[in-house]
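Worksheet: one structure, shown below.
The values are calculated or read from the model by the stated rules, or taken from the named source; none is laboratory data. Quick caveat, the model's predicted, so the values are computed rather than measured. In this analysis, Cβ positions are derived from the backbone assuming ideal geometry, glycine residues included, and neighbour counts consider all displayed protein chains.
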Amino acid sequence: MVNLNVNIGKLALKNPVLTASGTFGYGEEFSDFIDLNRLGGFIVKGTTINHREGNPYPRMVETPSGMLNAVGLQNKGVDYFIDQIYPRIKDVDSQIVVNVSGASIDDYVAVCEKLAPLDKINAIEVNISCPNVKQGGMAFGTNAAGAAQVTKAVREAFPKTLIVKLSPNVTDITEIARAVEAEGADSVSLINTLLGMAIDVERRKPYLSTITGGLSGAAVRPVAVRMVWQVAKAVNIPVIGLGGIMNGRDAIEFMLAGATAIEVGTANFIDPTVTVKIVDYMNEYCERHGIKDINEIIGQI
Amino acid sequence: MVNLNVNIGKLALKNPVLTASGTFGYGEEFSDFIDLNRLGGFIVKGTTINHREGNPYPRMVETPSGMLNAVGLQNKGVDYFIDQIYPRIKDVDSQIVVNVSGASIDDYVAVCEKLAPLDKINAIEVNISCPNVKQGGMAFGTNAAGAAQVTKAVREAFPKTLIVKLSPNVTDITEIARAVEAEGADSVSLINTLLGMAIDVERRKPYLSTITGGLSGAAVRPVAVRMVWQVAKAVNIPVIGLGGIMNGRDAIEFMLAGATAIEVGTANFIDPTVTVKIVDYMNEYCERHGIKDINEIIGQI
Amino acid sequence: MKKHIIDFVINENRHIHAIYSLLILSPKSGEKLPKMKPGQFVQIAIDGSKTTFLRRPISINFVDYANNQLWLLVRKAGDGTSRLIDMKAGDTLNIILPLGNGFTIPNNKEAKLLLAGGGVGIAPMLYLGQVLKENGFAPQFLIGARSASDLLELEQLKSIGEVHISTEDGSMGEKGLVTTNSVLKNDVDLIYCCGPAPMMKAVAKVAKEINADCEVSLENMMACGVGACLCCVENTVKGNVCVCTEGPVFNINQLTW
Amino acid sequence: MKKHIIDFVINENRHIHAIYSLLILSPKSGEKLPKMKPGQFVQIAIDGSKTTFLRRPISINFVDYANNQLWLLVRKAGDGTSRLIDMKAGDTLNIILPLGNGFTIPNNKEAKLLLAGGGVGIAPMLYLGQVLKENGFAPQFLIGARSASDLLELEQLKSIGEVHISTEDGSMGEKGLVTTNSVLKNDVDLIYCCGPAPMMKAVAKVAKEINADCEVSLENMMACGVGACLCCVENTVKGNVCVCTEGPVFNINQLTW
């Protein structure tokens, strides 16, 4: 039997497979298709201090081997999550990580303070890289000072495992990663979406109401693997890899590049069962290669 | 009859369709397939002061809707180009643009000085963004000071149309674009390849001899369109758009985003006749939309 | 309703029109079709199209439980749907179903119901009409198209209820649009509508004028189809809601039209 | 030689082995096939495979000018080649050809020529043998495979010249590898070789030992196939050269093996 247990700081995962925020709802949306207990964990939708309506429709357009989205952090706010959603999902035998977003440092801190007391929430993923919100979001994530500032404040407000989600829309992602590590982040997850755009040439209008949006899907995988590889060599905290993981092979690719765990995002839209297939592939792959513990392959490149 | 003539600085193009450096050889490789005289122009392989062997094999791997390459500017040097190749191609009724690369400012200047006297070379494209060479290349292209420094030196050495090719691997490409505009560049072309990586999970080795390489192809188009749109709004010089243009629709997309001309790259590998098909599509598109002059649609978004 | 992911085999692909195809499918395993409601839709995985990355949502045209067959009426829109239209009997499709809420079946059996479809918008009306008929209603159809040759599944509709036709060129039924059809002068309690957005908005307007209740089926661009991606939202009186879960059917008084 | 882009129609797809298929194609337009040399290859555009972006290079197996048919022997490697193997008679393929340099035809008709192929490496040897025979040579074949059932196109090869066989399990011919086959004890002037890299390197070593000249056909990963992308380079005594234009056939004394 292959060991698939990995640890992200103090957070123990039964396997390296997580779901990316904003692609898996609150897990419930997929319970008809898979046994949520088989996942290492799932990262719930980006949560903000107040209810957000998000951006106007249209929010999505398909692109070659990928898609652009401009959802804009639509969510009902942290209080609704704690009162209505958390009680429904808290008993799953899998880690629940809350993705936290904000427009100001105070927002981030306020959300973290509300989440910290929840028994089942052992980790948060702080999103400093959302390309689809005007203030905050990516603004914090594209310079080391801003990233450090958010991390420092959140670190004080949330004692459990702190993951910071990094933006790929930067010249040197390792600089940002080192900055958040220095401020006490337990882990970094990358990549968030690449800022992109598509135009309807017949209507001569952008496809998205926001003109630009976040590119995800298989198309971005080579960029994501490269950044995970660079960051894993630059920091001493565990790296969580994501960006275009469509199957088990892709997941292993990220781990070889240096990821301790991986997040499956857009692929959930195409095959709602892909996450458990990836867990199965990891077992099969390790057995085929005579690997007893999947931790052995992390960063082998 | 639709007017497809566009101007890049003093460089007059019979239509906006150029070929991207390193994807079209010296044009000759495609003369069995298309009439080179039908193109607005072609940009020949990256040329350096001395002969370069480039990187070891393997240099290429296919990725979702794209490919990674790590050629590393293999070329026989500027003198060989001038003595052996230029005489063979100079009589084509289409603009020939030489892509210039170097590892130092002096290299760039030396190549430009040798090219300046050639009657048929009315423009150069300075590559400050090659991800596949150790020194120089992308190093110059990822910070405004370095980009400005190269542009300034080359501007003094080359009196004709000067195009600077920008790297997308930056936080703010408009900052770099403004810097090269300020130093006298007549145009900027973007995007060069995104730095990427892919791993063979069965052999547990990178596919490329250089580990990382440049991502091109349809996969990168949304990022390229976004950057062209941003840069076109930020500078007053004409922008040349490239990155994943596979057909006429894609070419129009870049022009709507703000490109005055476009470069076709990776698509030449899949359909060697794609460039002339794009010229035909531009005519058909403009007629269908009642556009008399294609310049009308530039930057309509 | 529980959602299923099922591999279907194509029993027949009827090319009923230049740009429309009727796919008749059965579960490959032979398993019984899950219960589906009129107005619900499915998400089809498209293989073998370089330019198609996501599934394609297609509304349920008809469910033939007797023969365990699902009918999907596909309109050629882009590469993904072209791929579907080119498929042959024996080919398989991976499908997620059933998705969405579906149309409301009234309690009052006396309710006068009009099922209005434009173009491919007639797709959900066939199954809706069948279910309404089975529930003791006397549904009437109002269908519009550019020309007689563009009217789809006319015979099947006629076998269920009276069919009122509007064609832009007058080649069949009344000349004009569905909204100008004289049937709308009769008294109608509830109009079910599916078609291009302008047509649905026009019908909604008429419905308000004649004090008829009205449900429309929206076709917003979607990625997941299960309420996870939040891409297909429609702005309603409750704010942005997912068309794939709270829709695709909405009562017009829920919309901000 | 002028390169052409031609739409071919598949006349026949012979599934001659679990992972090998023989595609027999003709120009869709009926135009005559261009002249092709043994050892040259073609670049095939692959439609309908999500994961295939570039063309696939396939070496020319045989050219039947009499029937205007091109033979391509395809080995199932990834999604692209799987797609080819799944194609049916009547399907069309867009192909660029002919590409590369091809094998050398000696001047001395007395030259003793051995055509060595391993696995799918026998592909170019069939056409090469035919052309050599037509030019008055008496080519002999040396083919190797894991087992008798893995030997491809054996009958066609026998119709051209003597065939020496090595199988790893000894189920046909001599037990062992091509390099251990006793035919290599005879005197040979020139060995043409195509197969997996280790096999070609081993044959090249033997060739040097027995003072035979040797040409090998390389299979480097390539994008364009016409010398533009510079991706498929092989390090030679002249430095990095494109396998697609200066190859795929190289005399071993040009290589740095």
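Structural remarks
- Only one of the numbered conditions (1) more than 21 Å from A:ASN55 (Cβ to Cβ); (2) small (Gly, Ala, Ser); (3) surrounded by fewer than 23 Cβ atoms within 10 Å (Cβ to Cβ) is not met by A:GLY77, and that is (1).
- Yes/no for B:LEU194 being within 30 Å of A:GLN300 (Cα to Cα), buried (at least 24 other Cβ atoms within 10 Å of the Cβ) and within 16 Å of the chain's Cα centre (by Cα): yes
- Boolean, A:THR266 is more than 10 Å from chain B (Cβ to nearest Cβ) and either among the acidic types (Asp, Glu) or out of contact with any Ser or Thr (no Cβ under 7 Å at 6 or more places or on another chain) (or both): no
- Among the residues of region B:264-282, the ones that are assigned to a helix (DSSP H, G or I) and under 19 Å from B:ILE294 (Cβ atoms) come to 9 in all.
- Going through (1) farther than 18 Å from C:CYS244 by Cβ; (2) surrounded by fewer than 21 Cβ atoms within 10 Å (Cβ to Cβ) one by one, C:PRO139 falls short only on (2).
- Unmet criterion (only one of (1) among the hydroxyl-bearing types (Ser, Thr, Tyr); (2) in contact (Cβ under 8 Å) with a residue 40 or more places away in the chain; (3) within 14 Å of another protein chain (Cβ to nearest Cβ)) for D:THR236: (2)
- Some residue of region B:277-289 being within 11 Å of chain A (Cβ to nearest Cβ) and closer than 20 Å to A:ILE211 by Cα: no
- Within region A:231-263, tally of residues that are in a helix (DSSP H, G or I), more than 9 Å from chain B (Cβ to nearest Cβ) and under 25 Å from B:ALA224 (Cα atoms): 1
- One residue from B:GLN230, B:GLN300 being surrounded by fewer than 23 Cβ atoms within 10 Å (Cβ to Cβ), in contact (Cβ under 8 Å) with a residue 40 or more places away in the chain, over 23 Å from B:GLY72 (Cα atoms) and touching a Lys or Arg at 6+ places or on another chain (Cβ under 6 Å): B:GLN300
- Index of the failed condition, C:GLY195 passing every other in (1) touching a Ser or Thr at 6+ places or on another chain (Cβ under 7 Å); (2) crowded, with 22+ Cβ neighbours inside 10 Å: (1)
- A single entry from D:ILE191, D:ILE252 fulfils the requirement of being more than 14 Å from chain B (Cβ to nearest Cβ) and either touching a residue at least 60 places away in the same chain (Cβ under 8 Å) or within 30 Å of D:ILE5 (Cβ to Cβ) (or both): D:ILE191.
- The one condition in (1) within 14 Å of chain D (Cβ to nearest Cβ); (2) over 30 Å from D:GLU219 (Cα atoms); (3) not β-branched (Val, Ile, Thr) that B:GLY27 fails to fulfil: (2)
- Within region B:146-183, the set of residues being polar (S, T, N, Q) and more than 11 Å from B:VAL235 (Cβ to Cβ) comprises B:GLN149, B:THR151, B:THR161, B:SER167, B:ASN169, B:THR171.
- Complete set of residues in region D:9-29 that are under 17 Å from the mean Cα position of the chain (by Cα), closer than 15 Å to D:VAL63 by Cα and surrounded by fewer than 19 Cβ atoms within 10 Å (Cβ to Cβ): none
- Looking only at residues of region C:145-173 that are at pLDDT below 95 and within 14 Å of C:GLY195 (Cα to Cα), we find that the one that is surrounded by the most Cβ atoms within 10 Å (Cβ to Cβ) is C:ALA145.
- Qualifying residue in region D:186-205 (condition: hydroxyl-bearing (Ser, Thr, Tyr), touching a Leu at 6+ places or on another chain (Cβ under 8 Å) and not assigned by TED's automatic domain parsing to the domain that holds D:PHE137): no
- Among the conditions (1) under 24 Å from C:CYS244 (Cβ atoms); (2) in contact with a Cys (Cβ under 9 Å, 6 or more places away or on another chain); (3) not in a helix (DSSP H, G or I), C:LEU114 misses just one, which is (1).
- B:GLY217 vs. criteria under 24 Å from A:GLY196 (Cβ atoms), of a type in the set (Gly, Ala, Ser) and in contact with a Leu (Cβ under 8 Å, 6 or more places away or on another chain): no
- Those residues of region C:204-233 which are away from chain A (no Cβ under 13 Å) and of a type in the set (A, V, I, L, M, F, W, C), in sequence order: C:ALA204, C:VAL206, C:ALA207, C:ILE210, C:ALA212, C:CYS214, C:VAL216
- Yes/no for D:LYS109 being within 14 Å of chain C (Cβ to nearest Cβ), surrounded by fewer than 24 Cβ atoms within 10 Å (Cβ to Cβ), not in a strand (DSSP E or B) and not β-branched (Val, Ile, Thr): no
- Wholly enclosed strands (runs of 3 or more DSSP E) of region D:1-98 bearing at least 1 residues within 11 Å of another protein chain (Cβ to nearest Cβ) and either aliphatic (A, V, I, L, M) or within 29 Å of D:CYS242 (Cβ to Cβ) (or both): D:4-17, D:41-44, D:56-64
- Test result for A:GLU287, in contact (Cβ under 8 Å) with a residue 60 or more places away in the chain and either in contact with a Ser or Thr (Cβ under 6 Å, 6 or more places away or on another chain) or outside any strand (DSSP E or B) (or both): yes
- Strands (runs of 3 or more DSSP E) contained in region C:143-257 and holding at least 1 residues among the charged types (D, E, K, R) and over 22 Å from C:VAL131 (Cα atoms): C:233-236
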